[in-house]
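Here is the structure we will look at, set down as structure tokens.
The values are calculated or read from the model by the stated rules, or taken from the named source; none is laboratory data. Quick caveat, the model's predicted, so the values are computed rather than measured. Neighbour counts are summed over all protein chains in view; Cβ atoms, including those assigned to glycine, are modelled from backbone coordinates with ideal geometry.
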Amino acid sequence: MQHTNGQHRDIVSVNLGTRTYDIHIGENLLAETGRHIAPLLNRPFTAIVTDENVARHHLKTVEASLAASGIKFVSIVLSPGEKTKSFAELASLCEKLLAAGVERRDKIIALGGGVIGDLAGFAAAILRRGIDFIQIPTTLLAQVDSSVGGKTGINTAHGKNLIGAFLQPVKVLADTSLLATLAPRELAAGYAEVAKYGLLGDLSFFEWLEANAGLLMRGDAQARSFAIHKSCGAKAAIVAEDETEQGVRALLNLGHTFGHALESATGYGNRLLHGEGVAIGMVQAFRFSERLKHCKPGTADRVAGHLKSVGLPTHTSDIEGSLPSIADLVAIMRQDKKAQSGKLTFILARGIGEAFIAKNVSDHDVTTFLQEDFERK
């Protein structure tokens, strides 16, 4: 880890041959945006895509940095929230980018959380049949997960992220000082994805999180930088091995089959944030693994206890309001991108740090488990 002027700085590379790119991790990177992206630009012009909440806190910093580097820009500010990941908003964004004069060899900057990264990235993938984009993730969830790996997309009534494309960014700038502006609930939601990397493949990292989550949540810069570096490094290694999720990359979906179904069931609104759905889903994945005798009893309780300690929901009863029937939830799961030939695929575990891909999971096992889990308090 580099230390520049007393600041924590680090670089993680995603190795994809000619499309290899760097993830810069550190404090106060936002003010250096112009210097970082100027060498990537074909001409001194770019388009910034952001949302109202991020714009209020951070847009002027990015605009000033670009101007200082002699880069002209247009800023497009969208509504915040998961519902912005829609066909209508995608069409509107593409029209705005074209109206701004964005050309094929230009770059788009996605300045925001997972929603903006997914939407702006998908727009980049299809605009003029594909242009480059740069990720500047402003949430913990985006810095450790959604900004890395090239998945872009939108939601539909059938489920989350079912329409999209793979397009790797050409650079990621993860400014850890931006996390100070996050509400505690948003920070906790992002932490679920951090914990995921320990739970799926790194017991020692999960043990570090058990000891240091408090520091990370309270704003310790070194703890945050270390956790983001470990998370990005883990994801980068998996993406380099399996970019388009034909195999091992599916492990990154630990908790997501359950979680995405709950997000869809709650309408992608404020009732359940993505990271909260993942947290509940990861606990369910470990409970399901216990029920199928893949891992020893008590493992799920350990996972739930840790996630609960940072303020995350760990059970469907933690979601306000009513939920659809179990049959309806299973129907939503059938739309999961990992499903094959109508059979459900889950990421299960033999223990903490030992996730595996379980194919051809029977509807009966899933339904019986969910009935038991819904009755659990």
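Remarks
- Strands (runs of 3 or more DSSP E) fully within segment 31-131 that include at least 2 residues being more than 30 Å from GLY277 (Cα to Cα): 45-51, 72-78.
- Every pair of residues 6+ apart whose Cβ atoms lie under 7 Å, when the first sits in segment 23-52 and is in contact (Cβ under 8 Å) with a residue 12 or more places away in the chain and over 17 Å from SER177 (Cα atoms) while the second is in a strand (DSSP E or B) and among the acidic types (Asp, Glu): none
- Filter pass, SER362 being without any contact (Cβ under 8 Å) to a residue 40 or more places away in the chain and among the polar types (S, T, N, Q): yes
- Selection from segment 2-16 of residues that are assigned to a strand (DSSP E or B) and at pLDDT 60 or above: GLN7, HIS8, ARG9, ASP10, ILE11, VAL12, SER13, VAL14
- Test: residue in segment 91-100 that is more than 21 Å from ILE11 (Cβ to Cβ) and in contact with a Lys or Arg (Cβ under 6 Å, 6 or more places away or on another chain): no
- Selection over segment 323-344 of residues that are charged (D, E, K, R), loosely packed, with under 15 Cβ neighbours inside 10 Å and either in a helix (DSSP H, G or I) or in contact with a helix residue (DSSP H, G or I) (Cβ under 7 Å, 6 or more places away or on another chain) (or both) gives a count of 1.
- Every residue from segment 286-322 that is in a helix (DSSP H, G or I), farther than 18 Å from GLU375 by Cβ and not β-branched (Val, Ile, Thr): SER289, ARG302, GLY305, HIS306, LEU307, LYS308, SER309
- Considering THR176, THR156, the condition of being touching a residue at least 24 places away in the same chain (Cβ under 8 Å), assigned by TED's automatic domain parsing to the domain that holds ALA120 and surrounded by fewer than 22 Cβ atoms within 10 Å (Cβ to Cβ) is satisfied by THR156 alone.
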